[in-house]
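Let me begin by presenting the structure, written as C-alpha cells, before commenting on it.
The values are calculated or read from the model by the stated rules, or taken from the named source; none is laboratory data. Note that the structure is predicted; figures quoted are calculated from it, not measured. Here the Cβ is made from the backbone with ideal geometry for all residues, glycine too, and neighbour counts use every protein chain on show. All accessible areas refer to the heavy atoms of the entire protein, side chains included, with ligands and DNA or RNA removed. Shrake-Rupley method; radii C 1.70, N 1.55, O 1.52, S 1.80 Å.
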There are 2 protein chains.
Amino acid sequence: MSGGRVIVLCGGVGGARMAGGLAAALGPGRLTAIVNVGDDFTHVGLRISPDLDTVLYTLSNLEDPAKGWGRRDETWSFMAALAAAGGPAWFQLGDKDLATHVLRTEALARGERLTAITARLAEALGAGARLLPATDDPLATLCETDEGPMPFQDYFVRRRCEPALRALSFAGADAARLSPEVEAALADPDLAALVIAPSNPYLSLDPILAIPGMRAAIEGLKCPRIAVSPIIGNKAVKGPLAKIMAERGLGVTAETVARHYEGLVDVFLADPADAGFSVPGIAVHACDVMMADRAGRARLAREALAAVMVAS
Amino acid sequence: MSGGRVIVLCGGVGGARMAGGLAAALGPGRLTAIVNVGDDFTHVGLRISPDLDTVLYTLSNLEDPAKGWGRRDETWSFMAALAAAGGPAWFQLGDKDLATHVLRTEALARGERLTAITARLAEALGAGARLLPATDDPLATLCETDEGPMPFQDYFVRRRCEPALRALSFAGADAARLSPEVEAALADPDLAALVIAPSNPYLSLDPILAIPGMRAAIEGLKCPRIAVSPIIGNKAVKGPLAKIMAERGLGVTAETVARHYEGLVDVFLADPADAGFSVPGIAVHACDVMMADRAGRARLAREALAAVMVAS
C-alpha cells in the first residue's frame, strides 16, 4: 500500500464520509473519488451536482456535520428571497452552496468539462483528494414509480422518496463515456485498491456502473476490490435504501448488497450481526461499518485498508 | 391629474428614489417607470440588471437605505464562498439579491422577455408600480476611456469610475426597439406627465434616449414633461456625474443638464441656488430637489406633480 493509490466509488452522504475517512487515513494525494452524477440536474437554471458537492464539501471539511450534505454554518437568505419572488422552494440551496452551482453552471456554459471544473473547485477548497465525476456526458437517473416516471430529484427531494419505486433507468448511460481521467485512474499501475462506498447500490452506484466500460474495468483490476455494506442490522443506515429493497422484493440484508456486487468485489465488509452469509468469490469480513462520527470514519477506513492488505 | 398616469424615466439610485416618491404620492397603479438597461451585463453566468433591480427594490420597500442599491438586511455568504472557490470578487452580489438574478437568468434562458420577467418580479415583491425595461433588445453602454474601451460595469464598479471618460456609446441601440409596453405607455391617452428623474443624463438617460423612437415619442407628448436636476450647488448629488461633465469640458451646472434635455422637457426643477438660467422652451422652476430621506422624496414628488399641474 505504501504510496499506492486508492479509488473510492461513491454517491452522496455515506460515500462522502467513506471518502473522507480514506483521504484522512491515506494522506494527501492518494485518494481518487469517482462520484455518481446520475442525481445531477438543472434547477432555476443552475447545474446542481448533489453527490459531487457532498463529497467536495466533506473532503474539504466544509460539510454540515448534522445534515451530512450542504455546507456548515450555511445561511439561507437566497432561499427566502427566492420564495418571496415566486421561485421554487422545494430544493434547498444555501447561500454558500450557491457559489459552487453558479461557478459550475457558468463554466459548463463556457464549454469546460465537469471534470475540469470539479478539479478546480477541489483545489480551491482544499479537498486534498481527486474528485472525478464518473462521466462528463449527460447521465440522468430516472425513477419509474407507482405514480409514473419522475426525474430523480422529484422522487428523492420533492416527493421525499414516498412513491413506490418500480424501476430505475439511467438516461444517457449507453452513450456516456468514462472520462479520460476516470479511465486513467482505473488503469493506474499504482492502484492499490478500489473501494465501493456504503452508498445506495441502486441510486448511487448503479448509475456509475451503467457507464459502458466501467464494469469491465473494475472486473479487470489486479488490486483488491472492497465494498462496504450500507445495511446494518437489516436496516439502512440512511435514506430510502431499505424501502427500495423491499419494493423490489429483495431482502433488506447485507447479503443482498453483496450479491449486487458479485464479480465486482473480492471483499465485503459487513457488521458482525449481518456477516453470516457467503457469496461466491467474495470474502465477507465482519467489522463495525457504522460511521457515526469522524472517529467512526477513521476506524472504517483503517478496517478497509487492513482488508486490502489481507487480500493483496 | 386625477386618475392620470405618470411615466418616470430613470436609472439607478436617484431615479429609484424619484420613482419611489412619485409612486407613494400617486398611489398604486398610476406610475410607470421606464428604466435604463444599458448597465445590464452577464456576470458569473447571471444576467444582472442593476438599475431595474434598484428601482424594483426601492418601489418594493426592500432597498438598502444606506447604500441606495441592493437589498436591506442583506447577507453576503455567497460572495465569501465565491471568492474562496476562486470566483470574481469585484462585483458584489448579496444573497437575497441573487434570487432576482437567478430567476431572471433562468427565465431569459427559457425565452421569456425581460419585460415579462420584470413585471412578474414587481408583482411578487409588491412594487405597486409598473417597471418597464426601456427595451427587451440587447443594449450595452460602452465607455471609451483614457485607458481604452471598457464595458460599463468594468468602468463603473471594477474601476470605480477612475479612468477619464472620453465618450460613451450604446452598443445595439440602433437595432433596439422600444418594447410594446413602453410604446403603449408613451401613447396612453391618460398620460398626465413624463418625468425625467435626477439620474445621470449621460450614463442612465442617454441609453434610454438612444433607442430609436424614444426621442420622437417624448417630443410628441401632449402632456407636461419635467426633468429634475441631478446637480445641486454645482455638485452632483451622487456618483461620477460631476467628474464626467468636467472630463467632457462641460460646466458642472444644472443648466448643462437642462440644455441636454432641450426639446424633451417643458419644465426643469432645480435647486434655488442653481436655477438662475434660462433655456429656450424650458421653464426653470426653483425648488428643493434633494432627496435626503423618505420625506425628501415625498416633497420632491409633490413639487414635480405641482409643476405638472401648473404646466398643464
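Candidates in segment A:82-116 are the residues that are more than 30 Å from B:A124 (Cα to Cα) and in a loop (DSSP other than H, G, I, E, B); of these, the one that is farthest from the other protein chains (Cβ to nearest Cβ) is A:R113. Take segment B:70-117 and flag every residue that is among the basic types (K, R) and within 16 Å of B:V44 (Cα to Cα). Of everything in segment B:70-117, just one residue is among the basic types (K, R) and within 16 Å of B:V44 (Cα to Cα), namely B:R104.
Quick test of your reading of the structure: A:R47 fulfils all but one of (1) assigned to a strand (DSSP E or B); (2) out of contact with any His (no Cβ under 9 Å at 6 or more places or on another chain). Name the failing condition by number. All conditions are met except number (2).
From the list A:T54, A:T42, the lone residue that is surrounded by fewer than 18 Cβ atoms within 10 Å (Cβ to Cβ), among the polar types (S, T, N, Q) and either within 9 Å of another protein chain (Cβ to nearest Cβ) or closer than 20 Å to A:F170 by Cβ (or both) is A:T42.
If you go through segment B:299-312 and keep only what is surrounded by 16 or more Cβ atoms within 10 Å (Cβ to Cβ) and either at pLDDT 95 or above or within 17 Å of B:G20 (Cα to Cα) (or both), you end up with B:R299, B:L300, B:A301, B:E303, B:A304, B:L305. Among the criteria (1) touching a helix residue (DSSP H, G or I) at 6+ places or on another chain (Cβ under 9 Å); (2) without any contact (Cβ under 8 Å) to a residue 40 or more places away in the chain; (3) facing chain A (nearest Cβ under 9 Å), the one B:L125 does not fulfil is (2).
Restricting attention to segment B:258-297, the residues that are surrounded by 16 or more Cβ atoms within 10 Å (Cβ to Cβ) and assigned to a helix (DSSP H, G or I) add up to 5.
So, in segment A:1-24, of the ones that are assigned to a loop (DSSP other than H, G, I, E, B) and closer than 21 Å to A:D190 by Cβ, which residue ends up least open to solvent (accessible area, probe 1.4 Å)?
Step by step, filter segment A:1-24, then rank; the result is A:G4.
Among the criteria (1) open to solvent by 10 Å² or more (accessible area, probe 1.4 Å); (2) modelled with pLDDT of 95 or more; (3) not in a helix (DSSP H, G or I), the one A:E255 does not fulfil is (3). For segment B:58-81, a tally of residues being closer than 22 Å to B:R159 by Cα and more than 9 Å from chain A (Cβ to nearest Cβ) returns 5.
In segment A:232-249, the residue that is farthest from A:A197 (Cα to Cα) out of those that are part of a strand (DSSP E or B) and either among the charged types (D, E, K, R) or touching a Lys or Arg at 6+ places or on another chain (Cβ under 9 Å) (or both) is A:K235. Checked against (1) within 18 Å of A:E303 (Cβ to Cβ); (2) assigned to a helix (DSSP H, G or I); (3) in contact with a helix residue (DSSP H, G or I) (Cβ under 7 Å, 6 or more places away or on another chain), A:V55 passes all but a single condition, namely (1). Restricting the first member to segment B:35-54 and to residues that are closer than 27 Å to A:I117 by Cβ, and the second to residues that are of a type in the set (K, R), the beta-carbon pairs closer than 9 Å and six or more apart or on different chains are B:D40/B:R47; B:F41/B:R47; B:G45/A:R110; B:L46/B:R104; B:R47/B:R104; B:I48/B:R104; B:S49/B:R104.
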